[in-house]
Amino acid sequence: MKIYTKTGDRGETGLFGGQRVAKDHVRVAAYGDVDELNSLLGVAVWHLEADGQAELAGGLRGVQSDLFTVGANLATPSVEDGGRESPWIPALAPGRIEELEAWIDAAETELEPLKSFVLPGGSGGASYLHLARTVCRRAERHVVTLSREAHVGPEWVRYLNRLSDLLFTLARLANRRAGVDDVPWMPNPRGAAEEGAPP
């Protein structure tokens, strides 16, 4: 099977079930964001493993598998939207969202209570987790947009919403385990820049 098919040379792509849509269709944007998020997590996993944080990396590989499930479902129009039933499209494992919540709760027991916004960054793994969180939020927004014009299972919005919270929490945890302090946001008072304060 060749990697290129030439069927998309005119700006269209095929969905699971055979429908063809423009490559800038909101459905394609939604599952494209999920794909981007999955790739970013792959980079985060590499950095976490390099930092000796194999436990976090292993958990995130499970999230990467989840994201393939999310993407496959978003790329498959429902029967109500003209799609076809497919036994090959997996469902999200029962209780998976609750597992993410439990992971967040466990991680927070290692962290100091959050008293301010923190600047994204820190260790390599934490920095990519912060970046992944922002892509997760974009994916969530596109799935919400898609849900206004197509039938989208509510579990996909719930999963992405909870995942973004998890990624933020794990970014803080990765920094803590790496011995890197989070940097709190310190808003500049009005006029401070003009008075010579650091920007």
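The values are calculated or read from the model by the stated rules, or taken from the named source; none is laboratory data. Note that the structure is a prediction, hence the values are computed from the model and not measured. Please note: Cβ atoms are built from the backbone with ideal geometry, for glycine as well, and neighbour counts cover all protein chains shown. Accessible surface areas use protein heavy atoms only, side chains included; no ligands, DNA or RNA. Shrake-Rupley method; radii C 1.70, N 1.55, O 1.52, S 1.80 Å.
Structural remarks
- Which numbered condition Ser116 fails, given (1) in a helix (DSSP H, G or I); (2) modelled with pLDDT under 95; (3) of a type in the set (S, T, N, Q): (1)
- Every residue from segment 73-103 that is open to solvent by 20 Å² or more (accessible area, probe 1.4 Å), part of a helix (DSSP H, G or I) and modelled with pLDDT of 90 or more: Asn73, Arg96, Glu98, Glu99, Glu101, Ala102, Trp103
- So Arg158, is it free of Cβ contacts under 8 Å to residues at least 12 places away in the same chain and open to solvent by 60 Å² or more (accessible area, probe 1.4 Å): no
- Every condition in (1) part of a loop (DSSP other than H, G, I, E, B); (2) open to solvent by 50 Å² or more (accessible area, probe 1.4 Å); (3) touching an Asp or Glu at 6+ places or on another chain (Cβ under 7 Å) holds for Glu110 except the one numbered (3).
- From Leu131, Leu146, residue being within 12 Å of Val26 (Cα to Cα) and either out of contact with any Asp or Glu (no Cβ under 9 Å at 6 or more places or on another chain) or buried (at least 21 other Cβ atoms within 10 Å of the Cβ) (or both): Leu146
- Selected residue (only one of Gly58, Gly124 is open to solvent by less than 70 Å² (accessible area, probe 1.4 Å) and in contact with a His (Cβ under 6 Å, 6 or more places away or on another chain)): Gly124
- Residue match in segment 25-46 (condition: open to solvent by 50 Å² or more (accessible area, probe 1.4 Å) and closer than 18 Å to Leu100 by Cα): no
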